[in-house]
Amino acid sequence: MIVIREATAADIPVIFDIRLSVKENILTNTNAVTPEVCREYLETNGNGWIAEIDGVAAGFSIASSKNNSIWALFVRPEFESQGIGKALLNQAVAWLFTNGATEITLSTGAGTSADEFYQRQGWHRGETDDDGEVRFTRTLE
């Protein structure tokens, strides 16, 4: 059973552990994503959630209220295809819409399993930028 709970600053080490465990959309610029930036999203510019299965942190999502976006959503490879990503995405989307967003954006690597995942979840796939990132949008229905 998937348990979704709100993330706190105390979860930052596990968030980074999950983030660094993935096989796609690997973090290449560790200077851009720091514990301080993560803390800012959790405490000031958004909210985050941890998904646990049998007490093990299997994934996380972080939503940005600053720009109405999904800042991060990652699932440990050994927990993929169990509905965790969908549950985390739904939690973040609901929170953003509840807090006044009318359109939500995110970006991910083009041609990745995440690219396919967001399309299956009904997000609108936009253009791919020069860095190979594709932008997705979802509007309030």
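Which of the residues spanning the stretch 70-93 are more than 17 Å from Ala7 (Cα to Cα) and either of a type in the set (Asp, Glu) or buried (at least 17 other Cβ atoms within 10 Å of the Cβ) (or both)? If the condition is that a residue be more than 17 Å from Ala7 (Cα to Cα) and either of a type in the set (Asp, Glu) or buried (at least 17 other Cβ atoms within 10 Å of the Cβ) (or both), then Glu78, Phe79, Glu80 are the ones that fit.
Scan the stretch 7-26 residue by residue and report those that are outside any helix (DSSP H, G or I) and either over 11 Å from Leu42 (Cα atoms) or over 13 Å from the mean Cα position of the chain (by Cα) (or both). Even if it seems obvious, please write down each step before you answer.
Our first condition is that a residue be outside any helix (DSSP H, G or I); within the stretch 7-26, this holds for 7-8, 20-26.
Thr8, Leu20, Ser21, Val22, Lys23, Glu24, Asn25, Ile26 - these are the residues of the stretch 7-26 that are outside any helix (DSSP H, G or I) and either over 11 Å from Leu42 (Cα atoms) or over 13 Å from the mean Cα position of the chain (by Cα) (or both).
Close Cβ contacts (under 6 Å, 6 or more residues apart or on different chains) running from residues in the stretch 47-63 that are closer than 16 Å to Thr98 by Cα to residues that are in a loop (DSSP other than H, G, I, E, B) comprise Gly48/Ala7; Trp49/Ala7. Contact annotation: residue pairs with Cβ atoms under 7 Å, 6 or more positions apart or on different chains, pairing a residue in the stretch 117-129 that is over 24 Å from Ile84 (Cα atoms) with a partner that is modelled with pLDDT under 95, are Thr128/Ala110.
Is it the case that the stretch 32-43 has a residue that's in contact with a Leu (Cβ under 7 Å, 6 or more places away or on another chain) and not in a helix (DSSP H, G or I)?
The answer is yes; a qualifying residue exists.
Examine the stretch 97-115 for a residue that is assigned to a helix (DSSP H, G or I), at pLDDT 95 or above and under 24 Å from Arg5 (Cα atoms), and state whether such a residue exists. Within the stretch 97-115, one or more residues are assigned to a helix (DSSP H, G or I), at pLDDT 95 or above and under 24 Å from Arg5 (Cα atoms).
The values are calculated or read from the model by the stated rules, or taken from the named source; none is laboratory data. Please read these numbers as outputs of a predicted model, since none were measured by experiment. We place every Cβ from the backbone using ideal geometry, glycine too, and count neighbours over all the protein chains shown.
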